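Read-outs throughout are calculated quantities, based only on the coordinates presented, and are distinct from any laboratory measurement. Treat the numbers as computed from the prediction; the structure is a model and nothing was measured. Neighbour counts are summed over all protein chains in view; Cβ atoms, including those assigned to glycine, are modelled from backbone coordinates with ideal geometry.
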Amino acid sequence: GMMKELLGLKALEEQIAHEYQLKKVIVVPGDSDQYDWVKKEMGRACVHYLKQHVADQATVAITGGTTVAAVAEMMGSDFQRDDLLFVPARGGIGEEVENQANTICAEMARQTGASYRLLHVPDQLSEDTYSSLISEPSVQSVLHNITSATVVIHGIGEAKTMAKRRGASEEFLQKLTNHEAVAEAFGYYFDHLGDIIHRERTIGLQLEHLNEEKQVIAIAGGSSKSVAITAYLKNRKSTILITDEGAARQMLN
Ligand code: G3H
């Protein structure tokens, strides 16, 4: 309505924080559905937040996607942190190489002078492969880094958009329709209540690893993602939201 259109960004942030019980909300101007630079502004806002809130020697786990990639891009020269360790939150989930967590993780390390470790795990693991991979000492060691991360940065996507981008089968798309999936994050799919309807079987962070001790930063914007963001936040696993005006205004409707 009229009032919401008139709300300034600060007021939008406060209302969303209140309504979704988040510790911190950052809303950048614009709608990333319309302009690509808005996604970069979300990336910049995230870097600004990290500068002030990431402890020395922290391990930072990140997911894939174009929005988290924008965070890497904005790290640039004013975020030099050779004390940090970047790790991918989870193994492959069918993304193109530039959208994969491994790629973005290496890029963040390159930009900041930090260290990184990668997870070399194929997509679509069978039960057997999963259990043999998970017992590999090298996988165990990076898994230890991942689960002890104190900062997690992740994207949120619209369910069907993400499934299609990752080359999902017709059956899987049908499953999403049947269960009315609206959101995706970490390779998990959620309905509008935030209930999990599917999880990709891969190694790394599972939703139950997210707890109060971690700073969990969700970064997602664009008015087309407002339903997805709202649904995902019903789980309240993330405490910090970085979004844009396009998504934020819809989230209060
Ligand atoms: O899990 C969600 C996706 O990684 C979001 O991807 O930032 O390219 O929309 P995106």
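On inspection, VAL152 does not qualify as crowded, with 21+ Cβ neighbours inside 10 Å, of a type in the set (A, V, I, L, M) and touching a His at 6+ places or on another chain (Cβ under 6 Å). Residues of the stretch 23-46 that are more than 16 Å from the ligand (Cβ to nearest atom) and under 26 Å from ASN145 (Cα atoms): LYS23, LYS24. On inspection, ASN235 passes the criterion of being more than 22 Å from TYR35 (Cα to Cα) and touching a residue at least 12 places away in the same chain (Cβ under 8 Å). Just checking, which of GLY246, GLY204, GLY221 is buried (at least 23 other Cβ atoms within 10 Å of the Cβ) and either within 19 Å of GLY91 (Cα to Cα) or of a type in the set (Val, Ile, Thr) (or both)? Only one candidate passes the filter, namely GLY204. The combined condition, being more than 16 Å from the ligand (Cβ to nearest atom), within 13 Å of ALA149 (Cβ to Cβ) and not hydrophobic (A, V, I, L, M, F, W, C), is not fulfilled by GLN80.
Charged (D, E, K, R), within 12 Å of the chain's Cα centre (by Cα) and within 25 Å of ALA61 (Cα to Cα): is that true of LYS225 in this structure? Against the criterion (charged (D, E, K, R), within 12 Å of the chain's Cα centre (by Cα) and within 25 Å of ALA61 (Cα to Cα)), LYS225 does not qualify. Test ASP128 against the criterion of being in a loop (DSSP other than H, G, I, E, B) and either more than 18 Å from the chain's Cα centre (by Cα) or surrounded by fewer than 17 Cβ atoms within 10 Å (Cβ to Cβ) (or both), and give yes or no. The answer is no for ASP128. Taken residue by residue, the stretch 116-138 has at least one member that is touching a Gly at 6+ places or on another chain (Cβ under 6 Å), under 25 Å from MET162 (Cα atoms) and either among the charged types (D, E, K, R) or without any contact (Cβ under 8 Å) to a residue 24 or more places away in the chain (or both).
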